[in-house]
1. Across the range A:174-195, which residue is surrounded by the most Cβ atoms within 10 Å (Cβ to Cβ) among those that are closer than 27 Å to residue A:461 by Cβ and either at pLDDT below 75 or not polar (S, T, N, Q) (or both)?
2. Would you please name the residue that is nearest to residue A:250 (Cα to Cα), looking only at residues in the range A:187-238 that are of a type in the set (Val, Ile, Thr) and within 15 Å of RNA strand B (Cβ to nearest atom)?
3. Which one of these does residue A:521 not meet: (1) in a loop (DSSP other than H, G, I, E, B); (2) in contact (Cβ under 8 Å) with a residue 40 or more places away in the chain?
4. State whether one or more residues within the range A:42-49 are surrounded by 15 or more Cβ atoms within 10 Å (Cβ to Cβ) and under 22 Å from residue A:724 (Cα atoms).
5. Quick one: residue A:801 ticks every box in (1) within 16 Å of RNA strand B (Cβ to nearest atom); (2) more than 26 Å from residue A:855 (Cβ to Cβ); (3) of a type outside the set (D, E, K, R); (4) in contact with a Lys or Arg (Cβ under 9 Å, 6 or more places away or on another chain) except a single one, so which number is it?
6. For the range A:406-416, which residues satisfy the criterion of being surrounded by 19 or more Cβ atoms within 10 Å (Cβ to Cβ) and not hydrophobic (A, V, I, L, M, F, W, C)?
7. Scan the range A:209-223 for residues that are surrounded by fewer than 15 Cβ atoms within 10 Å (Cβ to Cβ) and closer than 17 Å to residue A:419 by Cα and jot them down.
8. What is the one condition in (1) more than 41 Å from the chain's Cα centre (by Cα); (2) among the β-branched types (Val, Ile, Thr); (3) under 30 Å from residue A:9 (Cβ atoms) that residue A:817 does not satisfy?
Amino acid sequence: MATHCKEYDFRQIEPHWQTFWQENRAFRAENGSAKPKFYVLDMFPYPSGAGLHIGHPEGYTATDILARYKRACGFNVLHPIGWDAFGLPAEQHAVKTGTHPAANTQNNITNFRRQIKALGFSYDWDREVDTTDPRYFRWTQWIFLQLFKKGLAYVDERPVWWCPELRTVLANEEVIDGKSEVGGFPVERRNLRQWVLRITAYAEQLLDGLKDLDWPESTKRMQEAWIGRSEGAEVRFRLADEKLGDLAIFTTRPDTLFGCTYMVLAPEHPLVPALTSAAQKEAVEAYRRRTAAKSDVERMSESAKEKSGVFTGSYAINPVNGAKVPVWIADYVLMGYGTGAIMAVPAHDERDYEFAKQYDLPIPRVIAAADGSDTLPYVGDGTVINSPGYDGLPWPEAKKKITADLAAKGIGKGTINYKLRDWLFSRQRYWGEPFPIVWVSEADYRRAAAVRRDLPAQPVTFVENGVTQYALPLPDQALPLTLPEVQSYLPSGTGESPLANVPDWLEVWLDFNTGASVPAAQPRPAGDAWVRARRETNTMPQWAGSCWYYLRYLDPQNASALADPAALHYWGVPDLYVGGAEHAVLHLLYARFWHKVLFDLGIVPQAEPFRRLFHQGIILGEDGVKMSKSRGNVVNPDDIIQSYGTDSLRLYLMFLGPLEAMKPWNPKGIEGVHRFLHKVWRECLGEDGQPNPKVSDTVADAPELLKLLHETIKKAGEDIEALRYNTSISQMMIFINAVQKAPQVSRGTLLTFLQVLAPFAPHLAEELWARLGGAGSVGHHPWPQYDPARLQNAMVKIVFQVNGKHRGDQLVPADITQEAAFEIARTHERVAPHLLGKSVQRMIFVPKKILNIVVS
RNA sequence: GCCCGGGUGGUGGAAUGGCAGACACGCCGGUCUUAGAAGCCGGUGCCGAAAGGCGUGAAGGUUCGAGUCCUUUCCCGGGCACCA
């Protein structure tokens, strides 16, 4: 079973055991097992052409250790891997080379698979998934159809980020500081027809569900901030010119209504033209034009310095005091939030204050500061003043009262707003999941609606050249809708994807019952259900496939459902999810949203997909800065494996520091753990490769060594559960250092130690286990139990302090009394001088630890 | 600006309010060797010959006792950023 090398030849040992595991399918997870399940999930990688980055093995080693440990503890462990393989780089490569992105993607996957296998992770390779496989994305499309049917998908022409360089639209989240996240190219605003998912319908649930999750607090808070719930009121102001109607605003501080001295509309607000007086027309229009021409980045950076705005010439009436207040437009008010209009209360809002100062608007105070200060703007606690009917109330109470009073008068109501926006779900790209949607005429849609039961309550439509088009979903049986071959992967440049350039795919006769289609250029087939249709040319964003992959692992081959309900019940959701903090908001929020929809549909039994989440930290270059090609400080896993072996790499990655910490790579450090593994080898085997002569079947280990062994079992187990691998490794080092000093060691002790080592350095552990006569695979043996009795010592070291200062220590019986300990202390040669001539005031005695003598 | 993390030897880092610096890197000395490498033994926070003193970004506080708890403050990293 084992190899026959005489030295620790990891280049021979590691592939040997990897082959062994593969041939024995050692890590297969069983559906329907009677064992308790444990599901430990890695964020699956995008298989880039650059190959694995050192950050991948960091997180993957962490989960692998846990997976191997849990298997040894008797769990049926699901530990899968797959490929998030749709994505822009493959498409850009295709544009450049003209080869199909699928070909490039498969090459990259092959390379990733080879690299990951060389790291010896205990994945169940029978469950590998690939988001670009039609058998996979069929279900991505299916889930989209469920969202569509539920009214959670719609189309909207809206300004979106357009990147001329990438020739595609980007989501807000993909734009960083006015540049594309991928490539760093400049972006601009354009109006395009887009698919949008109504994630805002789940805002409250997404916020509420965070409470019970075992996630890093920082990540929870980031999601909270992203959802951005705020409670306030919508208030309607009459306009002075009655025929213009009302102006609705949102405020979180209705209690400051008496302090409102002007109103501000977003420049894009639809009421602006009607509100603008003849005298102000020119100024208002110029301002609107200027705002529209600015990118959001310019708008933000400029206005961060200085507020700007223009008076419209109109006035509104403050509903609480009848005051006539001017209506302005300014770009510090955003159309996309609330009603796109605000009441300005300059005394109690920093932005309004700044604006009022700039344009000389009145700033009356309506909240008295709790601390009596009179500086403005004031946004702290206090009581209401200058507000007849509410004076003297603490402002949160006034807020409730005024909101209720407004509601009673029918001019306002309490509302909740969220910063969260609906999710822009389409991309003008080739390399993504096609939408299983066609566009048909109203008449054809009505005919389909008469027989189809899978349409939304409200049809999804858009108007094109004055004609209303209706979105008709493909029937389930027509899935997957695959990508057509194209001549060029270059986007059309007009905002449509390359799919718009494939007429035979694009323009079809479609049977709305079966989803069957023929090119429109051919004659219409016989039958009533055939309608003229144009396919949706957008594709889905990369987030789509990663929104539900953790479910597909449960039952990856299933052709009739995304997963068998029995598998969904047995495995449930991951018990642990490990991945980078860079996904704190987007992926993790989108996946939660989809999961909640699937939960509401009764497809999954849990409301949340990821109960326990952990972010591994970033590994920096040797120089303490982020690894990058340009800096030349990149560490390549392949090179490390070649020089030290994957066991050393795995161990070092975990020994570097706390898993969640950002920490620099130190090339000398890996030699330290490599040395440790060599030492383990030498303690087990002699120079001839046979068991070391000091290994004995007859000699009993010293109690101290056994105690250390049991401490090691205990500490390793506890640390693994808590993902504190650095300290468990140091404990194993302490143990092996003790073995080294012992003249003899029992075979049983070494075998037990190898079991503890196995999750961390599985190849070496297997090899030594076999050579020391252990049966079968070390990973298949039940995790050793520590004996609590062995952890006790009859004698313990007690520390003597005088006035809190360490003055000496002494080995004493563990159950020594305070009196006896004091007797030892007062005669202790290093302690006694500090007691001389002093009187003892009191003593603090902590058994087994400390005796602190307080003297005058 | 706001919200999170975090500051401990030359380095990475340990430390349920109870011996600060485990473990490892590096360095110094020794051993083995013709020599080196590897291994092994010993040392290694700072000041001091020693006794002892000082030490966890800084300053206060609570406590018999603080790296750990509280207040203020500085620095570094991350996220958000006109969301009314």
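1. Filtering first and then ranking leaves A:195.
2. Looking at the filtered set, the residue picked out is A:235.
3. Answer for residue A:521: the failing condition is (2).
4. Yes: the range A:42-49 contains one or more residues that are surrounded by 15 or more Cβ atoms within 10 Å (Cβ to Cβ) and under 22 Å from residue A:724 (Cα atoms).
5. (2)
6. If the condition is that a residue be surrounded by 19 or more Cβ atoms within 10 Å (Cβ to Cβ) and not hydrophobic (A, V, I, L, M, F, W, C), then A:412 is the only one that fits.
7. Correct list: A:221 only.
8. Condition not satisfied by residue A:817: (3).
The values are calculated or read from the model by the stated rules, or taken from the named source; none is laboratory data. Just so it is clear, the structure is predicted and the values come from calculations on it, not from any experiment. Reconstructed Cβ throughout: ideal geometry from the backbone, glycine too, with neighbour counts over all protein chains shown.
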